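First up is the structure itself, then whatever we jot down about it.
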Amino acid sequence: YGGWEYWSRTTAGRQYQVHLRRPVGGGIEEPLLDLNAMAEGHPFMSLGAFQPSPDGRLLAYSTDTTGFRQYTLRVKDLVTGTHLPFAVELGGTIAWASDNETVFYTVDDEAKRPASVFRANLRSGATELLYEETDEMFRVSVHRSRSGEYVFLTSASHTASEVRCLRADLPTGPFALIEPRTAEHEYYADHHPGWFYFLTNDQGRNFRVARTPIDSPGHASWQEVVPHRDGVMLEDLDLFARHLV
């Protein structure tokens, strides 16, 4: 990712993983997070989010030291090894904008439900609430497309969902709603240059894959790519430069 290979390693006698990276093609291993050292003085350690910035300089990550799914988001400068003055209690998913200084992240409510989405500029320190999910049946999440061109904000329950999108190179703009939620319709979005792709159960409970040009994202324009099949559940999709998996 971004010129780096990332992986984790577990060694005998140590309870937690060490997360590392090296330049693509080989080079010196660079330790990023040693959860064993980070666990010292705490009864528990769990890593949640782990998102390097597009330029590879910063790492946004979250940890829970209680065992109660109470994660704290932080950002580490991988060049200096120091942390930025950014910490979010009850943080969840996180996504970077293309400028390497704007992050979008979710925050849990008192019931540990991801309910709010914020935008923060790490250079200026400005923070803004972008979206708050008031329906207690829905949970929010943010992620950046594999293409790197879009950030998606998804609000989903067990039976319905809706997705908003924002170009990653225009991080101060508003999220645009792709298709409003309707009862019993789940859909999840990703991006490939010129297209939005959807995993959707609009034609059956086992889901199908559809796509639409990004300038006409609404449901009326969706074109079938992989049809619904009664005997096969489609669980996920990944978009690469030349392949849909």
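The values are calculated or read from the model by the stated rules, or taken from the named source; none is laboratory data. Since this is a predicted model, take the numbers as computed values, not measurements. As a convention, Cβ positions derive from the backbone with ideal geometry for all residues, glycine included, and neighbour counts pool all protein chains shown. Ligands, DNA and RNA are stripped out before the accessible areas are found, and what is left, the full protein with its side chains, is counted by its heavy atoms. Shrake-Rupley method; radii C 1.70, N 1.55, O 1.52, S 1.80 Å.
Inside the stretch 97-124, residues that are of a type in the set (A, V, I, L, M, F, W, C), open to solvent by 10 Å² or more (accessible area, probe 1.4 Å) and either over 15 Å from the mean Cα position of the chain (by Cα) or under 16 Å from Ser157 (Cβ atoms) (or both) make up a count of 2. Taking the criterion of being under 21 Å from the mean Cα position of the chain (by Cα), of a type in the set (S, T, N, Q), at pLDDT 95 or above and assigned to a loop (DSSP other than H, G, I, E, B), the only residue of the stretch 28-79 that qualifies is Ser53. What is the one condition in (1) open to solvent by 20 Å² or more (accessible area, probe 1.4 Å); (2) part of a loop (DSSP other than H, G, I, E, B) that Gly148 does not satisfy? Result: Gly148 passes all but (1). The residues on offer are Val226, Val209, Val140, and the sole one that is out of contact with any Asp or Glu (no Cβ under 9 Å at 6 or more places or on another chain), touching a residue at least 12 places away in the same chain (Cβ under 8 Å) and of a type in the set (A, V, I, L, M, F, W, C) is Val226.
Applying the condition of being in contact (Cβ under 8 Å) with a residue 40 or more places away in the chain and not in a loop (DSSP other than H, G, I, E, B) to the stretch 229-245 and asking which residue is surrounded by the most Cβ atoms within 10 Å (Cβ to Cβ) yields Leu239.
How about the stretch 200-236: which of its residues are hydrophobic (A, V, I, L, M, F, W, C) and farther than 11 Å from Tyr187 by Cβ? Within the stretch 200-236, Ile214, Ala220, Val225, Val226, Val232, Met233, Leu234 qualify.
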